[in-house]
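> Just dropping this structure here.
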Amino acid sequence: MEVHEIVGCSEAISQVLVKVSQVAATDATALILGETGTGKELIARAIHLLSRRNHRPLVKVDCTVLPDQLIESELFGHEKGAFTGASSTHKGWFELGDGGTIFLDEIGELPIHLQPKLLRALEGGEFER
């Protein structure tokens, strides 16, 4: 299998690429683990490009830069008038990535109170603006 952005021919890289192709063939949610700088985004992009979703968006979200007070709005969107300053309806990352792939980088940095909503969105595909 050829993935243009991933370079290497070691046994470890070969095993990772086999797993990439296995995951890409499904609609399963994947958890990509690794330290900062190890290529998690490259793996997510490879999964997206090899999947049936490759004609839809790949949405990349760096969870470390989302301000606490705006995390829910950024992920799930909001309706006009939902809070002070919400002057228009805003589509969140999940809605923008519908039918495609969403890569939540550093997901472990999100606040604990958001985890049930995130789990509902990931497992059931359900969320509310």
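> If you take the residues in segment 91-105 that are hydrophobic (A, V, I, L, M, F, W, C) and touching a residue at least 40 places away in the same chain (Cβ under 8 Å), which one is most open to solvent (accessible area, probe 1.4 Å)? Talk me through it step by step, then tell me what you get.
Applying the first criterion (hydrophobic (A, V, I, L, M, F, W, C)) to segment 91-105 yields 93-94, 96, 102-104.
Next, only the ones that are touching a residue at least 40 places away in the same chain (Cβ under 8 Å) stay: 102-104.
Numbers: I102: 48, F103: 19, L104: 25 Å².
Step by step, filter segment 91-105, then rank; the result is I102.
> Only one of these conditions is not met by E123: (1) open to solvent by less than 90 Å² (accessible area, probe 1.4 Å); (2) modelled with pLDDT under 90; (3) in a helix (DSSP H, G or I). Which number is it?
Every condition holds for E123 apart from (1).
> In addition: Against the conditions (1) over 26 Å from A24 (Cα atoms); (2) open to solvent by less than 60 Å² (accessible area, probe 1.4 Å), where does S88 fall short? Just the number, please.
Here S88 clears every test but (2).
> Taking the condition within 19 Å of V23 (Cα to Cα) and open to solvent by less than 70 Å² (accessible area, probe 1.4 Å), does L75 pass?
Working: within 19 Å of V23 (Cα to Cα): no; open to solvent by less than 70 Å² (accessible area, probe 1.4 Å): yes.
When the stated conditions are applied, L75 does not pass them.
The values are calculated or read from the model by the stated rules, or taken from the named source; none is laboratory data. Remember, predicted model here, so these are calculated numbers, not experimental data. Glycine gets a Cβ as well: all are built from the backbone with ideal geometry, and neighbour counts include every protein chain shown. Side chains included, ligands, DNA and RNA excluded: accessible areas come from the protein's heavy atoms. Shrake-Rupley method; radii C 1.70, N 1.55, O 1.52, S 1.80 Å.
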